[in-house]
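The values are calculated or read from the model by the stated rules, or taken from the named source; none is laboratory data. These numbers come from a predicted model, not from an experiment. Note: ideal-geometry Cβ built from the backbone for every residue, glycine included; neighbour counts use all protein chains shown.
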Amino acid sequence: MQILVINPNTTASMTDTIGACARAVVGPGVALEVVNPEEGPASIESHHDDALSVPGVLAAVASGEREGVDAFVIACFGDPGLMPARELATGPVIGIAEAAMRTAAYLGRGFSVVTTLARTVGHTEDLALLYGVERQCRGVHATGIGVLELETDPTAYETVREHARAALAADRSDVIVLGCAGMADLGLRLSLDLGVPVVDGVAAGVAQAEALVRQGLLTSGHGEFSPPRRQVMTAEP
């Protein structure tokens, strides 16, 4: 089985972190590759960044499809390009926000998302509604830490932990969802410190992708996610 994990931003150190967390959960017989685009935003912190990252995501999916990849994971909590990627791929395409939220809903009555900047809160709330887990999502809490600062700020872990602790109390939730792929390596430590399940979307996404492939389940080619019609592309002379 081949799984391709795509970090939609161009920061190689974050791709390495994502890869380590993804490889920690795959089963035997899984060949896992983790890539990021050569061009695009260094981090994804806005709708604008999200849109700029989509061409790189789709190019990676198209390349993986030609190489016979069985499933894809989009490792950004905004799930950029998820729907068009499902039109291109034969196998499952998993967004880490969807995977994390659905996984959290199995583990408790309600969950809280702890994310990066406040400007991303509305989009996360929209995704919870889109994925049908708005009832279980009891709150989305911004730490104020930028995506790349998760790697450089020596107080990042403590800041995330205290926001998570406050979220559990304020929301009366049972589970924490980490709202950024850059937090992927914090999950186990946070779970031990907080005494509740802490869901990392990278691990959840890879585990879900593997499970679907092992069941022989593919993206439906009937209807919305059938291959897109070929379009005439125009360019300036």
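For residue 174, state whether it is touching a strand residue (DSSP E or B) at 6+ places or on another chain (Cβ under 9 Å) and over 24 Å from residue 4 (Cβ atoms). Spell out how you get there, then give the answer.
Numbers: touching a strand residue (DSSP E or B) at 6+ places or on another chain (Cβ under 9 Å): yes; over 24 Å from residue 4 (Cβ atoms): yes.
Answer is yes for this residue.
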- prompt: under 15 Å from the mean Cα position of the chain (by Cα) and surrounded by fewer than 23 Cβ atoms within 10 Å (Cβ to Cβ) - does that describe any residue in region 67-81?
  reply: no
message: Just to verify a result, which residue in region 188-231, among those that are under 17 Å from residue 26 (Cβ atoms) and more than 20 Å from the chain's Cα centre (by Cα), is surrounded by the fewest Cβ atoms within 10 Å (Cβ to Cβ)?
response: 215
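Sort through 46, 13 and tell me the only one that's in contact with a Ser or Thr (Cβ under 9 Å, 6 or more places away or on another chain) and in contact (Cβ under 8 Å) with a residue 60 or more places away in the chain. It would help to see each step written out before you state the result.
Values: 13 fails: in contact with a Ser or Thr (Cβ under 9 Å, 6 or more places away or on another chain).
Checking each option against the conditions leaves just 46.
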statement: When (1) without any contact (Cβ under 8 Å) to a residue 24 or more places away in the chain; (2) assigned to a helix (DSSP H, G or I); (3) not small (Gly, Ala, Ser) are applied to residue 231, the one that fails is (2)
query: When region 97-144 is examined, which residues are found to be part of a loop (DSSP other than H, G, I, E, B), surrounded by fewer than 21 Cβ atoms within 10 Å (Cβ to Cβ) and touching a Ser or Thr at 6+ places or on another chain (Cβ under 6 Å)?
result: 110
Pairs, first among the basic types (Lys, Arg) in region 100-115, second at pLDDT 95 or above and surrounded by fewer than 24 Cβ atoms within 10 Å (Cβ to Cβ), C-beta under 6 Å, six or more apart: 109/174
query: Scanning for something under 29 Å from residue 12 (Cβ atoms), among the β-branched types (Val, Ile, Thr) and surrounded by fewer than 18 Cβ atoms within 10 Å (Cβ to Cβ), does region 172-180 turn up at least one residue?
result: no
